[in-house]
1. I need the full set of residues from the stretch 111-132 which are within 23 Å of Asp179 (Cβ to Cβ), in contact (Cβ under 8 Å) with a residue 12 or more places away in the chain and either of a type in the set (Gly, Ala, Ser) or assigned to a helix (DSSP H, G or I) (or both), in order please.
2. For the structure I just gave you, tell me whether Gly104 is in contact with a Leu (Cβ under 8 Å, 6 or more places away or on another chain) and within 30 Å of Pro67 (Cβ to Cβ).
3. Anything in the stretch 155-171 that is touching a Leu at 6+ places or on another chain (Cβ under 6 Å) and in a loop (DSSP other than H, G, I, E, B)? List them, or say none.
4. Can you tell which of Gly22, Gly49, Gly7 is small (Gly, Ala, Ser), at negative phi, free of Cβ contacts under 8 Å to residues at least 60 places away in the same chain and not in a helix (DSSP H, G or I)?
5. Do you know which of the residues in the stretch 52-81 that are of a type in the set (Gly, Ala, Ser) and outside any strand (DSSP E or B) is surrounded by the fewest Cβ atoms within 10 Å (Cβ to Cβ)?
6. Within the stretch 133-154, is there a residue that is assigned to a strand (DSSP E or B), in contact with a helix residue (DSSP H, G or I) (Cβ under 8 Å, 6 or more places away or on another chain) and aliphatic (A, V, I, L, M)?
7. Go through (1) within 15 Å of Ile92 (Cα to Cα); (2) modelled with pLDDT under 85 and name the single condition Gly140 misses.
Amino acid sequence: MVGGGFGGLLLARELAQAGARGQPLKVTLIDQRNHHTFQPLLYQVATAGLQPPDIGISLRATLRRHPPKIRLGEVVDVDPDAHEDGSLTFVIAGGGPTGVELAGALAELVELVVSRDHPDPDTSRVRIVLVEVMDRLLGGFSSRSAEQARHELERRGVEVRLGTGIAQATEAHVTFDDDVLRARILVWAAGVAASPLAQALGVELGPGGRLPGLDRVVGAPPVDVDRVREAGRGAGQLGLELPVP
């Protein structure tokens with residue numbers, strides 16, 4: 001079925017119930033949004049009587065008792081010979097705080113939400129791969145914290161690959177230093193480069209194209225760097241013991 005309006009919801013519910021009674025039916029509902037808009041009350045949103053979420057009803061919540069497959073998208077053609085790409089692999093590049101937290105959050109999402117609200121696909125086929133070029137996670141933290149993080153991630157089913165870099169990424173594959181993995185989703189959490197404008201200052205730049213401390217910039221007046229707490233992504237550590245926020 002295409003469309004999650006009143007007709008689509010009613011038909012999806014009836015067909016899903018028929019499938020639950022043993023009839024050989026596979027029900028799929030396709031809509032551009034993950035919610036049904038209760039249009040009879042649109043005028044109240046337009047006149048500030050209601051908020052938009054008040055008339056937006058989750059499709060999965062509405063059909064949870066007999067859930068069909070729900071796909072977000074727009075139907076532009078029909079190909080009877082087409083098949084679904086079952087790739088459920090997530091690759092996260094970077095084992096710092098961002099990568100570690102994201103990998104854990106994805107694992108929790110799959111375990112607690114996807115398995116409940118999405119009866120299809122099979123969540124046992126989901127792969128979450130965390131890749132770090134160094135030989136440990138959380139380079140700015142203690143070794144004990146790094147090992148605890150790795151243990152907890154692996155306990156939740158996350159594959160942790162240390163000492164591994166990403167050589168290339170396409171729409172369908174991620175190429176590591178010594179392996180190729182089929183994956184549709186690559187999340188970059190390995191850091192960003194500073195603005196190219198820093199190169200115009202004529203000073204030696206640090207890792208990621210970041211500026212050195214203000215006291216080492218040519219022509220800069222004397223600065224008490226201990227009082228500098230934040231200077232944007234283009235700044236280095238400015239002589240502080242802790243990284244700049």
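1. Taking the stretch 111-132 as the starting set, the residues that turn out to be within 23 Å of Asp179 (Cβ to Cβ) are 124-132.
If we keep only those that are in contact (Cβ under 8 Å) with a residue 12 or more places away in the chain too, we end up with 125-132.
Passing the criteria: only Arg125.
2. On the way: in contact with a Leu (Cβ under 8 Å, 6 or more places away or on another chain): yes; within 30 Å of Pro67 (Cβ to Cβ): yes.
When the stated conditions are applied, Gly104 passes them.
3. Of all residues in the stretch 155-171, those touching a Leu at 6+ places or on another chain (Cβ under 6 Å) come to 158, 160, 169.
Within the stretch 155-171, Val158 is the sole residue that qualifies.
4. Numbers: Gly22 fails: at negative phi; Gly7 fails: not in a helix (DSSP H, G or I).
Matching residue, one of Gly22, Gly49, Gly7: Gly49.
5. Filtering the stretch 52-81 down to residues of a type in the set (Gly, Ala, Ser) leaves 56, 58, 61, 73.
From the residues that got through so far, the ones that are outside any strand (DSSP E or B) too are 61, 73.
On the way: Ala61: 12, Gly73: 9.
Within the stretch 52-81, the match that is surrounded by the fewest Cβ atoms within 10 Å (Cβ to Cβ) is Gly73.
6. So far as the stretch 133-154 goes, no, none of its residues is assigned to a strand (DSSP E or B), in contact with a helix residue (DSSP H, G or I) (Cβ under 8 Å, 6 or more places away or on another chain) and aliphatic (A, V, I, L, M).
7. (1)
The values are calculated or read from the model by the stated rules, or taken from the named source; none is laboratory data. Bear in mind that the values here come from a model prediction, so they are computed numbers and not experimental data. Cβ coordinates were reconstructed from backbone atoms using ideal geometry, including for glycine residues, and neighbour counts include every protein chain displayed.
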